[in-house]
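First up is the structure itself, then whatever we jot down about it.
The values are calculated or read from the model by the stated rules, or taken from the named source; none is laboratory data. Keep in mind that what you see is a predicted model, and the values were worked out from it rather than measured. Neighbour counts are summed over all protein chains in view; Cβ atoms, including those assigned to glycine, are modelled from backbone coordinates with ideal geometry.
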């Protein structure tokens, strides 16, 4: 029943996708993506907002704070074990991260409630080495205005939410890295 409810909610949201709410409660409307990023689906926000800060428990037991990454470009990916698209995308994001972690911080936030064992199993089965942060009450997801998963927010070096990538992506295709590099002006 719970999985069916989540699937129906996701289906309803997918049909009526709206730009997410960001800190301050105002809507950010995406603008045309930068050249080259359109094929990968990056939505660049007209108005950049300060990324809501957080400090969350990591699946490995440590504590991770967004403030620790100030000055670095960040990809903040929200997912859940009950989301089939998320579970397909997570290993692709892991492959994408290889060799890029010195240029781009990638943090994943699991919004599975209190089901840490399920998250642990997905991470282990897919050999995920990316940081997996736990957002059990979805407080951070709500703060970022998450209405659909998977979704990734792009936070620039100044700590501003500059864009997002909504929906499942094949992170192993060449345009993924080309689009991210262009978006963040990486070399």
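Annotations
- Scope the range 139-171; condition under 17 Å from residue 51 (Cβ atoms) and over 12 Å from the mean Cα position of the chain (by Cα); matching residues: 139, 142, 143, 156, 157, 158, 159, 160, 162
- Verdict on residue 119 being modelled with pLDDT of 95 or more and farther than 21 Å from residue 73 by Cα: yes
- Filtered by the rule that a residue be more than 14 Å from the chain's Cα centre (by Cα), farther than 18 Å from residue 167 by Cα and at pLDDT 95 or above, the range 69-99 gives 69, 71, 72, 98.
- Residue match in the range 72-95 (condition: part of a loop (DSSP other than H, G, I, E, B) and farther than 16 Å from residue 121 by Cα): yes
- Residue count for the range 119-137, restricted to those that are touching a strand residue (DSSP E or B) at 6+ places or on another chain (Cβ under 9 Å) and over 28 Å from residue 99 (Cβ atoms): 1
- Conditions (1) within 22 Å of residue 178 (Cα to Cα); (2) out of contact with any strand residue (DSSP E or B) (no Cβ under 9 Å at 6 or more places or on another chain); (3) loosely packed, with under 13 Cβ neighbours inside 10 Å: number failed by residue 61: (1)
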